[in-house]
Amino acid sequence: VGRIGYTVNAGDTFFSSGASGVGSLVERMRITNAGNVGVGTTTPGSLLSVASSTATGTSRLFGVGTSTDIMTVLANGNVGIGTSTPAYALNIATANTATPGVVVAGGTGGQSTLSSHSLTIGSSMGGTNGGGLAASAGNITLSSASGDVIFSPAITERVRITSTGNVG
């Protein structure tokens, strides 16, 4: 059993909590008179400011239960989704190797995917929506569902493979 409280001071409202009957309450969230909301900070500088006071400089923004991080932001700016220790500016991790870590879907059925073992760029490889580029398990596949495959380095066509298989 604990205690909660709120205080209004100079137009700001702050919410506090503490153990039942022991010590003073500790501020947990503040809403300023400008409408900014702060969690873990007494001076929110934007509509929503979330701050962490951990020694490691990690801000746990979203979690499930008490231990599973969904998204983590480190003090150096690295963001992790599915990992609490992002080593890059954006680090996306998934335990399921059959599921892509990143999918960018288009409105006409096309999509690009990226996972730890493959990359697909373009719409439905070999399907009716177009063509694309895929790299997986040492193979590179370039396909076109309704036309020629054209190689154009420096915006100049150098090689064309027609839909009938002719190369020129």
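The table for this structure:
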{"read-out": "Distance in nm between pseudo-label sites at VAL167 and ALA34 (7 Å out along the Cβ direction from Cα)", "value": "6.4"}
{"read-out": "MET29 - accessible surface, heavy atoms, 1.4 Å probe, Å² rounded to 10", "value": "60"}
{"read-out": "Added length on full extension, which subtracts the Cα-Cα distance from 0.36 nm per residue, ALA95 to THR7", "value": "27.2 nm"}
{"read-out": "Cut-off under 5 Å, modelled amide H: who pairs with ILE92 long-range", "value": "ILE81"}
{"read-out": "Rounded to whole Hz, the Karplus (6.51, -1.76, 1.60) HN-Hα couplings of the stretch 15-27, x for glycine and proline", "value": "10, 10, 8, x, 5, 5, x, 10, x, 8, 6, 10, 5"}
{"read-out": "Inter-probe distance in nm under a simple model that places probes 7 Å from Cα toward Cβ, at THR43 and TYR88", "value": "3.6"}
{"read-out": "Heavy atoms of VAL102 accessible to a 1.4 Å probe, total area in Å² rounded to 10", "value": "50"}
{"read-out": "Nitroxide proxy distance, nm - points 7 Å out along Cα→Cβ at ILE70 and GLU27", "value": "2.8"}
{"read-out": "J(HN,Hα) series, the stretch 154-159, from Karplus relation 6.51 cos²θ - 1.76 cosθ + 1.60, nearest Hz, glycine and proline x", "value": "6, 6, 10, 5, 10, 9"}
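The values are calculated or read from the model by the stated rules, or taken from the named source; none is laboratory data. Source: prediction; values computed, not measured. Every residue, glycine among them, receives a Cβ derived from its backbone with ideal geometry; neighbour counts consider all protein chains shown. Calculation scope for accessible area: heavy atoms of the full protein, side chains included, ligands and nucleic acids excluded. Shrake-Rupley method; radii C 1.70, N 1.55, O 1.52, S 1.80 Å.
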